Number of protein chains: 2
Amino acid sequence: MVPGGTLELSGERFVVHYRLAGEEDEARQRAQAITVEQTIEFPADLVAAGDIHDHVLGRIASFEPSAGGTGWDVAISYAVEVAGTELTQLVNVVFGNISLIPGIRLERLELSSSLLKRFRGPRFGRQGLREMFDAPERPLLSTAIKPMGLSVRELAGFAHAFALGGIDVVKDDHGLTDQPFGRYRERLERCVEEIDRANRKTGGRTIFMPNVTADGDDVFERARLAREVGAGGLLVAPGLVGFDTVRALAEDDSIGLPIMSHPSYQGAFVVGRESGISHYALFGQLARLAGADASVYPNYGGRFAFTRDDCRSIAAGTVVEMGDVRPIFPAPGGGMSLEKMPEMLETYGRELIFLIGGALHRGEDLVETSAYFRQLAERMREMGRD
Amino acid sequence: MVPGGTLELSGERFVVHYRLAGEEDEARQRAQAITVEQTIEFPADLVAAGDIHDHVLGRIASFEPSAGGTGWDVAISYAVEVAGTELTQLVNVVFGNISLIPGIRLERLELSSSLLKRFRGPRFGRQGLREMFDAPERPLLSTAIKPMGLSVRELAGFAHAFALGGIDVVKDDHGLTDQPFGRYRERLERCVEEIDRANRKTGGRTIFMPNVTADGDDVFERARLAREVGAGGLLVAPGLVGFDTVRALAEDDSIGLPIMSHPSYQGAFVVGRESGISHYALFGQLARLAGADASVYPNYGGRFAFTRDDCRSIAAGTVVEMGDVRPIFPAPGGGMSLEKMPEMLETYGRELIFLIGGALHRGEDLVETSAYFRQLAERMREMGRD
């Protein structure tokens, strides 16, 4: 038997909503197991009465059959002090060890107000990006330079064309890093230059977002270089570098650029429907809490297996009330084309960033296709009004 | 149509083995899709003939029915230049976007020799740890200080008892970070002090491994502090901070300590049997490539759903030939107890670190139970000889 613990705690708790699979008995046991696994990770019967039992352990706040009848909706509360002040530890508490147990899905975070105050979240958010592009109402537009293997000159040429057409965000394809056949610095400099040149012609505000997903400090070196050279934002994959790297980028005043998060290496959390994390929490709430201003994910009907409901839930997670943490843009992509825009408008409303990649090259002329892309978005100013 | 690309490539490729679910036609299509998705992410029909088609695209090296008859074993090769020199990009190439597609499981990495040379891997490995503990033959022993919520004095008292009993590695429980009720620095200092005191009494070599899983630069600050104060190693969760943080810790000469990787937040990759990453590749090969000297994971028969075969495969991944990258220790834990040791010896042989946590507190006296734990391991010097 170990001592029961004597602690000075605020008493404030935050709530995490899980869906548990299986029969009721099994699910109740598993809920109980979560309260231990995510906190003390120690046989509860070996701990004497005291604050560890009363406060440190997770607590089942509610347990009821899921609406869909396919499991159990369970809310578990944790003391804010367990998560400390660290984003990394918050992620650890809400889904660290239990990621290893099948049949537990993290559905939704309901963070307490003092916990939310510890996270600045996105620096710009929806409103900030709308101001940046002087686009108060229409959906925003994004594309990527690719394919990998073209020369920097060729890729920068595409960037120029996209900007001439009026696409707001031209980003690196997420597979472009600092390969021997396409160096980061050269690509960054040329793309910024070509986009500036286009902006001067059109009076537009297109920005370049290089991919700063990289090893160790290179993330920050590349981000600072991006700022220095005049890039307008950053692309980063939290699955590869950790959510906290997004936070550190967002909070760094010497960088101060908007951030798009990319879903690479995060898919395993969502493809197992009974396990993992909901689309809502992963691509909506967590991306936002970490500080992304836009969250890229595969749209339904493209190359990936997301459903329309999954995608709508992501959009909901980007805007749900989370204290002072700003709403961000959903940025559905992954095999999208111009033809799908009207239906996407119906699904999402105007609060989104259309992300169309390779399909723009199917048109005759890249500038014209890009301009048509922009035109479609402009028309949506009216159509998508709620 | 975009240009075909003109590149100077070495021609060297590395191979990744996937298992694909579904009917043959569908699996063949998906294999083809992987070659595009993980490289150019661009409609292949829009790329003119040239080096992009010939070299940058992934290439199907083999496609055959899985031995178990439950899918298709597919080997895909990639140009080494696509992964560049970065661990982060290597992970991105082998499983980034396709993590979002159900029915694709990364089974095994077969890296080319020049690619392997770019990674130093673990600084110590099995041999280094065996020398550190002067334990050329027996299994090594590990435990964690917990539960969260006890005072630093109480936790350090446990550390003292564990060291008196002769447990090699006393680590922070992975949920202990820098909470208001248990500060990192104080815990580190007290535990190192108490373990040193015990070592002086016993002539033993027990080390303390604090948990450095944290936000941003705190990982490295805590690791450097650990070195300064005299800790013998570090615990870190690559799922939370990214594989590359492990690499950076392992390669940092100003730190120079052995590393245990913890599986927190990595479970989603393995729980979906048809999707995600194999236990072998994730907890064996990737942990090792990143530079962990020991890889913690839940043993079969404990609180988690790993099977005996899963666990054996991890052990195999920790030792399979990977150029100069040293073999590391599997460290199965998660609800283990002394009773399970003989069977574990049968499963793993002597090349492992037993990790027993809370169960040690079930004995009458912590020092005696720890000493008995050590005794059992000493006896295994002979028993487990291959």
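The values are calculated or read from the model by the stated rules, or taken from the named source; none is laboratory data. Since the structure is predicted, the reported quantities are computational estimates derived from the model, not experimental observations. Cβ placement follows ideal geometry from the backbone for every residue including glycine, while neighbour counts extend to all protein chains displayed.
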Output for region B:171-193, where each listed residue is part of a loop (DSSP other than H, G, I, E, B) and either among the basic types (K, R) or facing chain A (nearest Cβ under 9 Å) (or both)
B:D173, B:H174, B:G175, B:T177, B:D178, B:P180, B:F181, B:R183
Among the residues of region B:113-124, is any farther than 26 Å from A:V296 by Cα, within 14 Å of chain A (Cβ to nearest Cβ) and in contact with a Phe, Trp or Tyr (Cβ under 8 Å, 6 or more places away or on another chain)?
yes
Assess whether B:T70 counts as being at the interface with chain A (Cβ under 10 Å from one of its Cβ atoms) and surrounded by fewer than 17 Cβ atoms within 10 Å (Cβ to Cβ).
no
Flagged in region B:320-352 as assigned to a loop (DSSP other than H, G, I, E, B) and either aliphatic (A, V, I, L, M) or in contact with a strand residue (DSSP E or B) (Cβ under 9 Å, 6 or more places away or on another chain) (or both), in numbering order, are B:V320, B:V325, B:I328, B:G334, B:G335, B:M336, B:E351, B:L352
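Here are B:T202, B:T213, B:T177: which of them is surrounded by fewer than 19 Cβ atoms within 10 Å (Cβ to Cβ) and hydroxyl-bearing (S, T, Y)?
Of B:T202, B:T213, B:T177, the one residue that is surrounded by fewer than 19 Cβ atoms within 10 Å (Cβ to Cβ) and hydroxyl-bearing (S, T, Y) is B:T202.
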So A:I195, is it more than 25 Å from the chain's Cα centre (by Cα) and either among the aliphatic types (A, V, I, L, M) or outside the structural domain of A:G157 (by TED's automatic domain parsing) (or both):
yes
Just give me the residues in region A:331-362 being away from chain B (no Cβ under 11 Å) and farther than 27 Å from A:I259 by Cβ, in sequence order.
A:E339, A:P342, A:E343, A:E346
With the condition kept exactly as written, say whether any residue in region A:139-152 is at pLDDT 95 or above, assigned to a loop (DSSP other than H, G, I, E, B), away from every other protein chain (no Cβ under 14 Å) and more than 24 Å from A:D217 (Cα to Cα).
yes
Among the residues of region B:254-263, is there at least one that is modelled with pLDDT of 95 or more, closer than 19 Å to A:L282 by Cβ and crowded, with 24+ Cβ neighbours inside 10 Å?
yes
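Does B:A49 satisfy the condition of being more than 11 Å from chain A (Cβ to nearest Cβ), over 20 Å from B:H17 (Cα atoms) and either of a type outside the set (V, I, T) or in contact with a strand residue (DSSP E or B) (Cβ under 6 Å, 6 or more places away or on another chain) (or both)?
Yes.
So that you can scan it fast, the table gives a plain yes or no per residue for (1) of a type outside the set (G, A, S); (2) touching a residue at least 12 places away in the same chain (Cβ under 8 Å); (3) in contact with a Leu (Cβ under 8 Å, 6 or more places away or on another chain); (4) surrounded by 16 or more Cβ atoms within 10 Å (Cβ to Cβ):
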{"position": "A:E351", "(1), (2), (3), (4)": "yes, yes, no, yes"}
{"position": "A:I356", "(1), (2), (3), (4)": "yes, yes, yes, yes"}
{"position": "A:L360", "(1), (2), (3), (4)": "yes, yes, yes, yes"}
{"position": "A:E364", "(1), (2), (3), (4)": "yes, no, no, no"}
{"position": "A:R374", "(1), (2), (3), (4)": "yes, yes, yes, yes"}
{"position": "A:E378", "(1), (2), (3), (4)": "yes, yes, no, no"}
{"position": "A:R381", "(1), (2), (3), (4)": "yes, yes, no, no"}
Among the residues of region A:310-319, what is the count of those that are crowded, with 18+ Cβ neighbours inside 10 Å and outside any loop (DSSP other than H, G, I, E, B)?
6
Out of (1) under 30 Å from B:E194 (Cβ atoms); (2) out of contact with any Phe, Trp or Tyr (no Cβ under 9 Å at 6 or more places or on another chain); (3) surrounded by fewer than 24 Cβ atoms within 10 Å (Cβ to Cβ); (4) within 11 Å of chain A (Cβ to nearest Cβ), what's the single condition that is false for B:L164?
(4)
Top-ranked residue of region B:320-337 - restricted to ones that are touching a residue at least 60 places away in the same chain (Cβ under 8 Å) and either of a type in the set (V, I, T) or in contact with a His (Cβ under 7 Å, 6 or more places away or on another chain) (or both), ranked as surrounded by the most Cβ atoms within 10 Å (Cβ to Cβ)
B:I328
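Every residue, every condition in (1) assigned to a helix (DSSP H, G or I); (2) more than 14 Å from every other protein chain (Cβ to nearest Cβ); (3) hydroxyl-bearing (S, T, Y); (4) within 30 Å of A:D218 (Cα to Cα), yes or no:
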position	(1), (2), (3), (4)
B:G5	no, no, no, yes
B:G11	no, no, no, yes
B:E26	yes, no, no, no
B:Q29	yes, no, no, no
B:T39	no, no, yes, yes
B:D45	yes, no, no, no
B:A61	no, yes, no, no
B:Y78	no, no, yes, yes
B:P102	no, no, no, no
Screening A:L225, A:L240 for residues that are assigned by TED's automatic domain parsing to the domain that holds A:R130, in contact with a helix residue (DSSP H, G or I) (Cβ under 7 Å, 6 or more places away or on another chain), at pLDDT 95 or above and surrounded by fewer than 24 Cβ atoms within 10 Å (Cβ to Cβ) leaves only A:L225
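Only residues that are part of a strand (DSSP E or B) and touching a Lys or Arg at 6+ places or on another chain (Cβ under 8 Å): list them for region A:106-138, please. Before the answer, list the steps.
Going through region A:106-138, the residues part of a strand (DSSP E or B) turn out to be A:106-110.
Residue satisfying the conditions is A:E107 alone.
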Give the residues of region A:11-67 that are free of Cβ contacts under 8 Å to residues at least 40 places away in the same chain, under 27 Å from the mean Cα position of the chain (by Cα) and surrounded by fewer than 19 Cβ atoms within 10 Å (Cβ to Cβ), sorted by residue number.
A:A67
Within region B:80-100, restricting attention to residues that are touching a strand residue (DSSP E or B) at 6+ places or on another chain (Cβ under 8 Å) and modelled with pLDDT under 95, which residue is farthest from the other protein chains (Cβ to nearest Cβ)?
B:A83
